[in-house]
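Enquirer: Here's a structure for you.
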Amino acid sequence: MVPVNVTGIANRLTCPVCGNDEVFFELANDVLLTSYYIQNSDGSFTHDGDSTQVNGEVLLFCGSCQEDLTQYHQRFREMIF
Ligand SMILES: [Zn+2]
């Protein structure tokens, strides 16, 4: 098989199962989500942001076939800009 590399970027992450190289998702275990609100003068509340704290493992999946790609997770994190 000849590697296809049209962009010239050697580091593109590709799902070994379905070949998807565009959509991926992370799944975080044991997440603490804190939502902040400000109360307005009329008694209503405005959402003022969230903070998340991940205490568990974070897994990486292919967004196309849902294959577990956690073995590539470290490389994935290094390439987020
Ligand atoms: Zn896939």
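Read-outs: derived from the displayed coordinates by stated rules, not from any lab. What you are looking at is a predicted structure, and each value in this text was computed from that prediction instead of being measured. Here the Cβ positions follow ideal geometry from the backbone for every residue, glycine too, while neighbour counts run over all protein chains shown.
Enquirer: Considering every Cα-Cα pair within the chain, what fraction, in whole percent, is farther apart than 22 Å?
Expert: Roughly 47 percent, rounded to a whole number.
Enquirer: Using 0.36 nm times the number of residues separating Thr46 and Ile80, minus their current alpha carbon distance, what extension gain do you get?
Expert: 9.2 nm
Enquirer: What residues qualify as long-range amide H neighbours of Leu69, i.e. H under 5 Å apart, gap of 5 or more or another chain, H built at 1.01 Å from N?
Expert: Leu60, Phe61, Cys62
Enquirer: At 222 nm, what value in deg cm²/dmol follows for the chain if DSSP H runs of at least 4 each add -39500 (n - 2.57) and the sum is divided by all its residues, to the nearest 500?
Expert: Helix-only estimate at 222 nm: -1500 deg cm²/dmol.
Enquirer: Got a sec? How would Phe76, Phe45, Phe81 order by Cβ neighbour count within 10 Å, fewest to most?
Expert: Phe81, Phe45, Phe76
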